[in-house]
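Encoded as structure tokens, the structure appears first; notes follow it.
Values in this text are rule-based calculations from the coordinates and carry no lab data. Nothing here was measured: the structure is a model prediction, and the numbers come from that model. Backbone-built Cβ (ideal geometry, glycine too); neighbour counts: all protein chains shown.
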Amino acid sequence: MKFSYNWLKDYLEKIPEPQQLADVLTMRIFEVEEVKKAGDDFLLDIKILPNRAVDCMSHLGIAREIAAITKTKFKEPIGQINESHDKKTSDYLAVEVKEKKLCPRYSGRVVLNIKVGESPEWLKNKLETCGLRPINNIVDITNFVMLETGQPLHAFDLDKISDGKIIVRRAKKGEKIITLDEGRAERELNDNILVIADKAKPIAIAGIKGGRGTEIETNTKNIIIEAANFEAVNIRKSSKALNLRTDASIRFENRPDINLTLPALERCAMLVKEIAGGEIAEGAVDVAATAVKPWNVGVEHDYIESLLGVKLASGDIMDIFEILALPAEIIKKDKSIFYEILAPTRRSDLQTAEDLIEEIGRFYGYENIKPVLPNCLLIPALKDEQLIYVDKIKSMMQGFGYSEVYNYSFISEDDKEFYGLADLAEVLNPYSRDQKYLRPNLAVGFIKNIQENKPYLAGSRFVNALRLFEIGDVFFEGGDKIVETRKFGGLLFMENKKSGEAFYELKGVVETLFDKLGLSDVWEDDYIQGGLPINFKNILQIGKVSQIKIGDKAIGWLGKINEDILERLEIKGRVAIFEINFTDIISFINEEREYEPPSKFPAITRDLAVLSSEDTKVENILNVIEGAGGGLLDDVNIFDIYENDKEDIKSFAFHLVFQSYEKNLTDSEVNKLMEKIIKAIEDEGWEVKK
Amino acid sequence: MDINELKNKFQELMEKVSDKKTLADLELKFLGRRGEINDLLKKIKDLAAEEKIAGGKLINDLKKEIEQKIIIKKKDLLVAGQDLIKRIDVTAPGSRVVSGHLHPRTQVLRKIEEIFISLGFSVIEGPEVETQWYNFEALNIPKDHPARDMQDTFYVKNPAGQEDLVLRTHTSPNQVRFMEKNNPPLRIIVPGKVFRNEATDATHDFQFYQVEGLMVDKHISVANFKAVMEEFFKRLYGPGAKIRLRPSYFPFTEPSFEVDLFCVFCQGKGCRLCSNTGWIEIAGAGMVNQFVFESAGYVRNEWQGFAFGIGFERIVMAKHKISDIRLFSSGDMRFLKQF
């Protein structure tokens, strides 16, 4: 909120220089975001915090704080109200509050025979420094008193109100009003919105904005000044519903002091008489549902010391209460010392012992509290198991040459349609179109990463691929719940590489990683029961995708991105991704290992080339070789696969290692085993190249 | 030929040696089976016994000396010889080793976790889609309260129909989540992604990271909080790091503070990173409001504690002088590969 330096000065015996003032306010109560010269004045933009908005959205409130902080005298504006004795307010104004809960207090005064005109310079300057546009003397005075006291006021033209009767009621559904804001739009109301009405129609939206029909105009003679208190939650809801936030509504949302209405009215009426002339009718109309009186708040001396972590003298604490103008007394009970203060009704933030400790803390000065390391029990520090493995996996992926991304958790409606996504968790109030849904997978983000990085990949001598990974949460609607699960995914994009290379590198990464994590029984299944799930259906290429399984449990997908998508996005190159349920990995991790001593006897190796039809899988052949080779066949590695598309032939080259842990193998023993293996292969209808 | 003559002859020839071949010839000439030394040894066979012993010693000394000199010469030639072999062009780029990069967030987070673990804080996690109760009500932020405006919120549609889900606006819901299941004394940090529904610029993004901290025991004080924060920042930025506390307001702490870090770049003189104030606003904090203890099921006024939320990117940005927060979520390799 903007404050005028000169204005604050009016209420203080002494005031520091503007920048110095900003510094002390920042260290003792609110951050001052800006100090700016404004004509003869300075503007201070002060960030009023919600707990003190109740009293500090006003020059008097801030001046009181400055007085306390700088230990100077606070000067309340004084003056004697000069009322007319033959004209009574009640003769001109009657108020009926139908909604006592929504309007706990409504006070009004009447000033007659005023002259509407331009405001004097001092008044215009002060309003302008605070960012308000001067309108006419009456409106300006109500604004001035609001900025001074924090109590919003509104002036009506008395002669435009039928019978001088004001009714505070809920709006009728569909009822309309033209408000006094810049747009002067006609607004349609709902029945939760409180209005100020006369017999015929609403004349203002309570606590938010005045209406056009009763506004102060140059020919206005007699006015009603309203100072009321409206219920905060309803004001907040109405203001949101109407999309209309005003200086008044912001203050009412913060529950201003209910006892402020009469003094503010008096101040306002006096200023009107001083500036616009006229006669102040005697007395005020004041409809109050409840009375709020100052209350006691207590705090124990030991608790103050314990929570702040400092030793304090009772006298120092009482001094702080005194400079804050909080009447306080010391109460001694047995060996304990308590303080009890009487909180003025403007300080609704003072309710608990801790609230008082905060006041003592900030005036004692947090900079004066000496740091003391906590003296406490030793508790072993643990880290979530998930996080331990997040770290491990990230380091491994980095070692494999993959870079980590943290993509946005949101996707757009366009993404949803483009990838044919469904069951998405929906954001109800996105700020931009890119935030319509929460991401159901990491893949959509990875594909965006290719598009964004593509222009920079070419031309660099060594970069011809993009290797990325991410560990992050994804979301979808599962039944009547939003399901949040952690995924671990990787992307490999290669320009100008031959088919299959991206897939097999990524598969190698996954296999090595699983091996290092001690996950055994991991395998790739290309029989996908029920087809691909909806959120991968259009992303992965059927026939070029495998389901990663641990035992019977499906934990994720590894595959190539659909050619159609790549084409539509103009991505030229090979792209493979994997995406795995992170929590599933964790549940299978077993890092226990037992050392196996290597054999003392030399191994014998043989190579084997097999020709088969194109639809034969490596795994089929391996099974046959391993079955026939028996226990002495220690290891089989595939070192080449060649596909001849023209002849529908595939050829495989294997490297077989024979090894005994008990004796030296002889060539003839191995030859016999090889014959057995070859026979088994030929029995399957495959050919062995000799 | 006497010994001195032989020695001089060796010296003379040795000085002329400039390559391996002549050195090998010289070695053969003097030390070979039919070399000069052996010749000399043969000659002294005929001498008297005493002379034989003395002569033999002299010859052996000379032999050792020659051997030594040849070894030294060999080494010299080897070093000199390097000038002659074909050289590697060391200016050509090295072969490509594929190197991966950990995100700067991860790198700094690891450092933060390490420091807090050493101070006895456990590291835990919580969900990103949160209920309004944990995100607001349990933390003393009632519905329709102006304090809700301090954080612009993304609301998420609940398929069950209630209007109760949000993307967490801070990591603080985990204070209550953790305390519901654990009794004091406790010390935790909770790193995580948080979301704010607002316009983005170089210093604001709608998705960023926080590290929540919570310490609860019988007598935890503001003084304790200051000590833990100072220790943390000293370990992160070096022993010169300074902090200050300013009054602030958060509904879930009382008293509340902002934690400012003395600007490590300009040493308080004022620079772009600290908006010319000399201080960088780095965390919100305070003493846990008793209301929050009650939300977690504790008895009011039985415990005291502090809580803080560190704006994580701010630390990373300050550490690496990164000028735009949106780079963190960009996936741009030109950014990532620098870490």
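Numbers for the structure displayed
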quantity: Within straight-line cross-link reach of A:K481, lysines at Cα separation under 20 Å, skipping those fewer than 8 residues along the same chain; calculated: A:K416, A:K436, B:K157
quantity: Helix B:222-237 vs. chain B, principal-axis angle (Cα, 0 to 90°, nearest 10); calculated: 40
quantity: Neighbour cut-off at most 10 other Cβ (10 Å), DSSP loop, chymotrypsin sites (Phe, Trp or Tyr not before Pro), the stretch A:334-371; calculated: none
quantity: Shielding of B:242-252 by partner chains, average beta-carbon count, 10 Å; calculated: 5
quantity: Extent along principal axes [Cα atoms of the stretch A:83-288; Å; largest to smallest]; calculated: 40, 38, 31
quantity: Electrostatic dipole magnitude of the stretch A:2-70 [Cβ: Lys, Arg +1; Asp, Glu -1; Cα centre; debye, to 20]; calculated: 120
quantity: Shielding score for B:143-153, defined as the mean number of other chain Cβ atoms within 10 Å; calculated: 4
quantity: Cys residues of the protein assembly as shown counted as unpaired, since no other Cys beta-carbon is under 4.7 Å; calculated: A:C56, A:C103, A:C130, A:C268, A:C376
quantity: Cβ-based exposure ranking for A:H59, B:H320, A:H85, in which fewest neighbours within 10 Å come first; calculated: A:H85, B:H320, A:H59
quantity: Least to most buried among A:T583, A:T218, B:T91 (fewest other Cβ within 10 Å first); calculated: B:T91, A:T218, A:T583
quantity: Listed residue (A:I649, A:V624, A:Q659) projecting farthest to the positive dipole end of the stretch A:604-689, Cβ model; calculated: A:Q659
quantity: Peptide-level mean, for A:44-52, of C-beta atoms on other protein chains within 10 Å; calculated: 3
quantity: Longest exposed-site-free window of chain A, the sites being GluC sites (Glu not before Pro) in a DSSP loop that have at most 11 other C-beta atoms within 10 Å; calculated: A:218-569
quantity: Long-range HN-HN contacts of B:I243 with modeled amide H, under 5 Å; calculated: B:F262
quantity: Dipole in debye (nearest 20) - the stretch B:133-210, about Cα centre, beta carbon charges: Lys, Arg +1; Asp, Glu -1; calculated: 400
quantity: Simple spin-label estimate for A:N368 and A:D667 in nanometres, 7 Å along Cα-Cβ; calculated: 9.7
quantity: C-alpha center-to-center spacing [the stretch A:569-639, the stretch A:311-368] in angstrom; calculated: 74
quantity: Nearby lysines by direct alpha-carbon distance to A:K240 (threshold 16 angstrom, same-chain neighbours under 8 apart not counted); calculated: A:K209, B:K143
quantity: Cα gyration tensor category, rounded, prolate or oblate, for the stretch A:385-588 with a/c compared to 1.5; calculated: rounded
quantity: Amide hydrogen neighbours beyond the local backbone of A:D635, cut-off 5 Å, H modeled; calculated: A:V657
quantity: DSSP-defined antiparallel bridges as percent of all bridges, chain A, nearest 5; calculated: 95
quantity: Volume in Å³ per residue [convex hull over Cα atoms, computed for the stretch B:3-81]; calculated: 70
quantity: Cα-based convex hull, the stretch A:320-427, per residue volume (Å³, whole number); calculated: 347
quantity: Calculated SAXS-style log₁₀ I(q)/I(0) at q = 0.19, 0.21, 0.24 Å⁻¹ - the stretch B:245-308, Debye, Cα scatterers; calculated: -0.69, -0.76, -0.88
quantity: Cα-centred dipole magnitude for the protein assembly as shown, charges only on beta-carbon of K, R (+1) and D, E (-1), debye, nearest 20; calculated: 2180
quantity: Stretchable slack from A:E34 to A:N82, in nm (0.36 nm times residue separation minus alpha-carbon distance); calculated: 13.3 nm
quantity: Principal axis dimensions, largest first and in whole angstrom, of chain A by Cα; calculated: 132, 65, 47
quantity: Violating pairs (Cα-Cα greater than 30 angstrom) within the set A:K47/A:K115; A:K176/A:K293; A:K392/B:K234; A:K383/A:K516; A:K553/B:K337; calculated: A:K47/A:K115; A:K176/A:K293; A:K553/B:K337
quantity: Overall form of the stretch B:104-336 per C-alpha gyration tensor (a/c, 1.5; a/b vs b/c); calculated: oblate
quantity: Cα centroid of the stretch B:34-72 to Cα centroid of the stretch B:211-237, whole Å; calculated: 83
quantity: Cα gyration tensor shape of the stretch A:209-267, rounded if a/c is under 1.5, else prolate or oblate by comparing a/b with b/c; calculated: oblate
quantity: J(HN,Hα) series, the stretch B:36-47, from Karplus relation 6.51 cos²θ - 1.76 cosθ + 1.60, nearest Hz, glycine and proline x; calculated: 4, 4, 5, 4, 4, 4, 4, 5, 6, 3, 7, 6
quantity: Straight-distance crosslink candidates among lysines, where the alpha carbon sits under 18 Å from A:K71 and sequence neighbours closer than 8 are dropped; calculated: A:K9, A:K14
quantity: Options A:I135, A:M146, A:G174, ranked by Cα towards positive dipole end of the stretch A:134-176, top entry (Cβ charges); calculated: A:G174
quantity: Sorted by Cβ density within 10 Å, fewest first, the residues A:C56, B:C263; calculated: B:C263, A:C56
